[in-house]
Amino acid sequence: MTLEIHDTLRREKVTFEPRDENHVRLYVCGPTVYDYAHIGNARPVVVFDVLCRLLKHIYPKVTYVRNITDVDDKINAAAKESGESIQAITERTTKIFHQDMAALGAHDPDHEPRATDHIDGMIALTEKLLKSGNAYEAEGHVLFSVPSMPDYGKLSNLNRDELIAGARVEVAPYKKDPADFVLWKPSTDDLPGWDSPWGRGRPGWHLECSVMSEKFLGPEFDIHGGGQDLIFPHHENEIAQSTCMGNIGFAKYWMHNGYLMAEGEKMSKSLGNFYTVQDLLSEFPGEAIRLALLKTHYRQPLDFTKDGIAEAKRELDGFYGALRGWEGHPDSKMETPAVIAALSDDLNTPLALSHLHELAGDINKAEGEEKAEASNCLLIAGKLLGLLQQDPEDWFKGSAAEGSLDDAAIDALIADRNQAREQKDFTRSDKIRDELAEQGILLEDGADGTTWKRG
Ligand SMILES: [Zn+2]
């Protein structure tokens, strides 16, 4: 089985050949922590979570690193506006980010370095770039000299005019070339800063990923991922910082997920289509949000809609409905070749999901051994996609909305109803059933007793 991935650098689908078959290394740019994560922030997390699951299925060892950007002008601005301290903002939003991504079924990366823990490494890299003549100091700033690197721009494939326009350069008199970018900049006393050979200052944004990827994965690793919006300038600049000093491979492959829109338009607070993960989780199960993200191929633009999540939830009802009542345990040795093949073709999640639907159909038609085998396959395939790992009964029970009956109260009412039925007090048992129905709790009486679900 070969894994094919679309490599942004080569601009085509290529066969993935890790630098070391025994240890695959993956780096993905993580969040800047100053606000609630929105659904666009969640897309790369879920996409690269599936990639990581697939790599772990194929290779014996995978190391996945995703950073936290906790020094950034956006964070400084948020602190100024709210009066909350920078540390309080970054700690609070990091915690929420972790909760949100866990609710979407994303595993934690193996390492999650924070930029502020690696300032020394950033100063050291800046010194190296100055020494090699790829950077220069001007007015308390240290800038990367883009003309010092002949193949700058190879990832984004932009010509010089586009690079300058895309860099959205402010007029900065200390820049020798308009495309040059900041490695280090001075900090005033009210801003976070660290002592450096160039005075008290803070790093430019791009520096941290060059430093932290090397620290945790070495100077040459396999895949670097992120959202498409990071190709330029962020990833272009990471390549410049990490490779200009010699024949250093840095990332062998580059993978980028496509843009996300919401309800057919670019997400914006003024249009009312700006969805934070927190807001969505108060309305929908995390698993339905995850499925809605995976129904579109990762490289395609994704139009994220609430109707789409509701549809994803109905599909999950179908999957869990097929698995309901199966008491076996998944046999991890079982293979699902069609699903693996789909994912190995540049993470074709829409095709993989169509195989999951076929398996659910098989379960519904089959009996005995065949049914057990199909159930097994569905669970194994679901695991690769980070889906279908909860007990079907728990899925149908859902989670209680605020102010409504919790699971224990429902179970107590069902016990009352059972007692009433035993006593042939059908007026009372019907009354309990109707009361539960009014709260959206639907009962199903079967041979093994009564089950329920939130409607
Ligand atoms: Zn980065």
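Results, tabulated for the structure shown:
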item: Relative exposure of TRP194, TRP395, judged by other C-beta atoms within 10 Å (fewest first); result: TRP194, TRP395
item: Zone residues, the stretch 201-225, relative to TYR174, backbone N less than 15 Å from point 7 Å out along Cα-to-Cβ; result: 201-205
item: Per-residue Cβ neighbour rank within 10 angstrom, fewest leading, THR90, THR336, THR116; result: THR116, THR336, THR90
item: For the stretch 94-105, 3J(HN,Hα) per residue [Karplus equation, 6.51 cos²θ - 1.76 cosθ + 1.60, θ = phi - 60°, Hz, x = Gly/Pro]; result: 5, 4, 5, 4, 4, 5, 4, 5, 5, 5, 8, x
item: Charge context of MET245, other residues only, Cβ under 14 angstrom, K/R +1, D/E -1; result: -3
item: Modelled FRET efficiency - R0 45 Å, SER332 with ASP151, Cβ distances, 0.05 increments; result: 0.50
item: The stretch 359-421 versus the stretch 31-78: alpha-carbon centroid distance in Å; result: 30 Å
item: Förster-model FRET efficiency, 60 Å R0, GLN439 and MET245, C-beta, rounded to 0.05; result: 0.35
item: Long-range HN-HN contacts of HIS38 with modeled amide H, under 5 Å; result: VAL277
item: Table column - 3J(HN,Hα) (Hz), the stretch 184-189, Karplus curve with 6.51, -1.76, 1.60, x for Gly and Pro; result: 8, 9, x, 10, 7, 4
item: Folded to 0 to 90 degrees: helix 368-385 orientation relative to the chain principal axis, Cα; result: 30 degrees
item: Estimated distance in nm for a label pair at ASP189 and GLU112, the labels positioned 7 Å out from Cα along Cα-to-Cβ; result: 3.6 nm
item: Selection from GLY446, THR90, CYS377 lying farthest towards where the dipole of the chain points positive, charges on Cβ; result: THR90
item: Amide H contacts of PHE221 (H built 1.01 Å from N, under 5 Å, at least 5 apart or other chain); result: PHE250, ALA251, LYS252
item: Column: log10 I(q)/I(0), Debye, Cα scatterers of the stretch 400-454, q = 0.14, 0.15, 0.24, 0.30 Å⁻¹; result: -0.34, -0.39, -0.96, -1.35
item: Residues HIS23, HIS224 arranged by fewest to most Cβ contacts within 10 Å; result: HIS23, HIS224
item: Residues GLN419 and ASP345, FRET efficiency given R0 of 51 Å [Cβ-Cβ distance, rounded to 0.05]; result: 0.35
item: The stretch 268-333 and the stretch 184-199: distance between their alpha carbon centers, rounded to Å; result: 44 Å
item: Between 0 and 90°, nearest 10: helix 73-82 axis offset from the chain longest Cα axis; result: 60 degrees
item: Inter-probe distance in nm under a simple model that places probes 7 Å from Cα toward Cβ, at ASP317 and GLU263; result: 2.3 nm
item: Simple label model, 7 Å out from Cα along Cβ direction - GLU17 to LYS74, nm; result: 3.8 nm
item: The chain: Rg to Rh, with Rh as the Kirkwood radius over Cα pairs; result: 1.05
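Each reported figure results from applying straightforward, stated rules to the coordinates on display, with no laboratory input. These numbers were taken from a predicted model, which means no experiment stands behind them. Don't worry about glycine lacking a Cβ; one is built from the backbone with ideal geometry, like all the others, and counts go over all protein chains shown.
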